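The values are calculated or read from the model by the stated rules, or taken from the named source; none is laboratory data. Nothing here was measured: the structure is a model prediction, and the numbers come from that model. Neighbour counts run over all protein chains shown; Cβ positions are idealised from the backbone, glycine included.
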Amino acid sequence: MAHIFLALFPLIALIATGYLFKTYQFFSAEFWTGAEKLNYYVLFPALLFHTLVTAKIDFQNLKYVIFAMFAVIAVATAVLYGIKYLKNIRPARFGVHVQSIVRFNTYIGLALVAALYHKEGMAILAILLAVSIPVVNVISVLSLTSSENMALKPVLLALLKNPLIVSCLFGGVFNALQIPLWDGILNLLKLFSSSSLPLGLLCVGAALQFMEMKKDVPALLLDTAARLLVMPALAYVVCMWMGLSALETQIMVVFFALPTASAAYILTKVLRGDSQLMAAVISLQTLCAAVTLPLVIWWVG
């Protein structure tokens, strides 16, 4: 447990520092807008691409891990859509619930797995990210879109313009085809990558909006419990059923125990969803993850 807290402390400290910087206006609002844009379009895609290109991925052995991930997401999505039709939840709100449960904070995930599980864990996480980022983005966009406004071309264009999806696709292709990259390019990507996680975690802290947590407390608590406790438990059951190794099970459970992505707020706002509720969910899940993540890691370990 001491090792777990040692790995989590820098993450929590960076998020808290970002929150304090934003609260006391250490930087202007324009700084945070620029920082988020820089990280979203340049630094974080470079990190994903570099992680996938340099990871020693055994696609043949990891196919069961990928299948397990799809199974967990499929079960969660099916249950959510069942609840939607039973309770007639409108897309603006339904999209928030879906993103609260199927999306994940990649910054926290990468930093945590690198600290606890090192290169072996990063190789598993890299392939999970490459496959899951396009999948959860598709699910998120569809959940926020009403049936009458749903058209294939705009949805595809939105996904193809997503820098995280593009970097994962290219990184996976370069790795699978063993396409060589000049060392100078790799070193540049490594520098970009080393900047991404600290800046990303500071931006996560700056995006927290605790005042929004006063609204719709029952929905907030349900979404938070489902993401931080039910999803990792479901992942554990699927891993046991499929007979995955101890390390694969640990990475899978930690992956599904991460709080939802802070970028979910931007997508919700762009697609005219309930962005206030989304901000509240992100804030509460990030706060609660400081307690639930160590417990989940200790339990699965």
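Data for the structure
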read-out	value
Segment 157-189, subset exposed (fewer than 14 other Cβ atoms within 10 Å of the Cβ) and of a type outside the set (A, V, I, L, M), residue modelled with the lowest pLDDT	K161
Any pair with Cβ under 7 angstrom, 6 or more apart, that starts in segment 65-87 at a residue that is within 18 Å of V230 (Cα to Cα) and ends at one that is surrounded by 14 or more Cβ atoms within 10 Å (Cβ to Cβ) and among the polar types (S, T, N, Q)	M69/S132
T51 being surrounded by 17 or more Cβ atoms within 10 Å (Cβ to Cβ) and among the polar types (S, T, N, Q)	yes
Filtered residues of segment 74-88 (kept if among the hydrophobic types (A, V, I, L, M, F, W, C) and out of contact with any helix residue (DSSP H, G or I) (no Cβ under 7 Å at 6 or more places or on another chain))	A74, A78, V79, I83, L86
Meets criteria (under 20 Å from I133 (Cα atoms), modelled with pLDDT of 95 or more and within 19 Å of the chain's Cα centre (by Cα)) for L229	no
Residues of segment 242-301 classified as buried (at least 24 other Cβ atoms within 10 Å of the Cβ), part of a loop (DSSP other than H, G, I, E, B) and over 14 Å from the mean Cα position of the chain (by Cα), total	1
Tabulated pairs, segment 172-200, first over 19 Å from L129 (Cα atoms), second assigned to a helix (DSSP H, G or I) and aromatic (F, W, Y), C-beta under 8 angstrom, 6+ apart or interchain	L181/F174
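Condition check ((1) at pLDDT 90 or above; (2) under 24 Å from C239 (Cα atoms); (3) touching a helix residue (DSSP H, G or I) at 6+ places or on another chain (Cβ under 9 Å); (4) in a helix (DSSP H, G or I)) across all residues:
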residue	(1), (2), (3), (4)
V72	yes, yes, yes, yes
G95	yes, no, yes, yes
Y107	no, yes, yes, yes
V131	no, yes, yes, yes
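Matching residues to (1) of a type outside the set (D, E, K, R); (2) under 15 Å from I66 (Cα atoms); (3) out of contact with any helix residue (DSSP H, G or I) (no Cβ under 9 Å at 6 or more places or on another chain):
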| site | (1), (2), (3) |
| --- | --- |
| D223 | no, no, no |
| A226 | yes, no, no |
| V230 | yes, no, no |
| C239 | yes, yes, no |
| L247 | yes, yes, no |
| V253 | yes, yes, no |
| P259 | yes, no, no |
| Y265 | yes, no, no |
